[in-house]
Amino acid sequence: MDHFAGFDRILRLLLNRTAELQIFGPPGLTDAVEAKLRSYTWNLLDETSEDFSIIAAEWNLKDELTRSRFKARNKFARDPLGVEALASRRLLMEPDFHVEAIELDHGIPCLAFAFQESLRVNVHKARLDGLDLPVGPWLTGVKQLVRSHADPGTIITIPGRRDMKLGDLLSAKVLVTGPGERICYATDLAFTEPNLSRLLALAEESDYLFIEGGFLDEDEDIAASRRHLTASQAGNIAAAARAARSVPMHFSPRYLGREQLLLDEFQKGLTAGLAIRFSG
């Protein structure tokens, strides 16, 4: 049930806004979205409603992504948008980043995701101050120009200051670039060799790894029966991935008020490194 429980809250927050929400998932996603939307009565929606829509993007776990649109102005009737051929596991491509996915086994297919920034661009505040330039929204546009490798001669309009060329800002080292940040998210997976192999390939040397670790070692059999990880196993995986920062999550409610025990076992697994014993 927790696989889809958050959908209603997102829907309630966005329903009366002009926005587009994209949802990516494994086979069955579109039917699930449609079933959720059809469970409500949309008598207050018509063509004058806010232009809110949901795009369900269903990955066939191979090389195709099938999209369908559900528009508020159409009372969320299903509108197929067609099939997109994929050349890789990158499900979403944007100028500044992409998102890739892998299939994990949780008894059913479950996806893990990696957000990969194209290029990290930071502002060097001291050098900005040295040029007597203000902090403000204009810097967001400058960062986008840097990520897109814009012409250094591009003119930058700075509120309350003289215009400058992008190249001049770069020469003054106001903007510092580096490898793009990588953030991985993995939850609902069994502790198996195939899962481990796929996840390590996705999360290797990531900047952040958010990983489920919801059971104590003493309840390892329960975790296995539900196809979940223990906190210690999650720590082992994070260590093997050499993630710069790792965050355990998705704790079982059986440990309500005792979450520190899970955090402690995760840390022990992280410190011990990869010490994996598969039971079958």
Study note, to complete from the structure: Sorting Glu259, Glu212 on solvent-accessible surface, 1.4 Å probe, most exposed first, gives Glu259, Glu212
**Study point:** Per-residue HN-Hα couplings for region 169-184 [Karplus 6.51, -1.76, 1.60; θ = phi - 60°; Hz; x = Gly/Pro]
**Key:** 5, 5, 5, 7, 6, 5, 10, 10, 10, x, x, x, 6, 10, 10, 10
Review point. When the Karplus curve 6.51 cos²θ - 1.76 cosθ + 1.60 is applied with θ = phi - 60°, which whole-Hz ³J(HN,Hα) does each residue of region 129-137 get, with x for Gly and Pro?
Key: 5, x, 8, 6, 10, x, 7, x, x
Point to revise | Calculated on alpha-carbon atoms, Rg and Dmax of region 82-219 in Å | key: 20.7, 65
Practice item. Might you tell me the accessible area per residue for region 92-141, computed with a 1.4 Å probe and given in Å²? Key: 50
Point to revise | Amide H within-cut-off set for Phe52, under 5 Å, with H built and near neighbours excluded | key: Ala19, Ala72, Arg73
Point to revise | Span from the region 65-127 Cα centroid across to the region 182-222 one, whole angstrom | key: 20
Point to revise | Computed over region 187-280: relative contact order in percent, which uses C-alpha pairs under 8 Å that are six or more apart | key: 34
Revision key, fill the gap. The relative contact order of region 74-204, taking Cα pairs under 8 Å that sit 6 or more residues apart, comes to a percentage of 30
Check your understanding: For region 194-280, what log10 I(q)/I(0) values come out of the Debye formula at q = 0.14, 0.25 1/Å, with one point per alpha carbon and no solvent?
Key -> -0.42, -1.30
Exercise for review: Taking H placed 1.01 Å from N in the peptide plane, check which residues at least 5 places from Asp188 or on another chain put their amide H under 5 Å from its amide H.
Suggested key: Glu212
**Study point:** All Cα pairs of region 144-243, percent lying beyond 21 Å
**Key:** 53
**Study point:** Residue among Pro95, Gln144, Ile108 farthest towards the positive dipole end of the chain, charges placed on Cβ
**Key:** Gln144
Review point. About the Cα centre of the chain, what is the dipole size in debye to 20, counting +1 per Lys and Arg Cβ and -1 per Asp and Glu Cβ, all else neutral?
Key: 700
**Study point:** Relative contact order %, the chain, counting alpha carbon pairs below 8 Å whose residues are six or more apart
**Key:** 12
Check your understanding: Which ³J(HN,Hα) values in Hz, rounded to whole numbers, follow from the phi angles of region 44-49 under the Karplus curve 6.51 cos²θ - 1.76 cosθ + 1.60, where θ = phi - 60° and Gly and Pro get x?
Key -> 9, 9, 7, 5, 9, 5
Check your understanding: Percent of accessible area on the chain owned by carbon and sulfur, 1.4 Å probe?
Key -> 51
Check your understanding: Largest first, how would Lys62, Lys165, Lys143 line up by accessible area (1.4 Å probe)?
Key -> Lys62, Lys165, Lys143
Point to revise | Protection-proxy order for peptides 250-256, 158-164, 263-269, each taking the mean of Cβ atoms within 10 Å per residue, highest first | key: 263-269, 250-256, 158-164
Exercise for review: Pull up all non-local amide H partners of Val247: gap of 5 or more, or a different chain, and H-to-H distance under 5 Å with H placed in the peptide plane.
Suggested key: Leu209, Phe210, Ile211
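The values are calculated or read from the model by the stated rules, or taken from the named source; none is laboratory data. Source: prediction; values computed, not measured. Every residue, glycine among them, receives a Cβ derived from its backbone with ideal geometry; neighbour counts consider all protein chains shown. Side chains included, ligands, DNA and RNA excluded: accessible areas come from the protein's heavy atoms. Shrake-Rupley method; radii C 1.70, N 1.55, O 1.52, S 1.80 Å.
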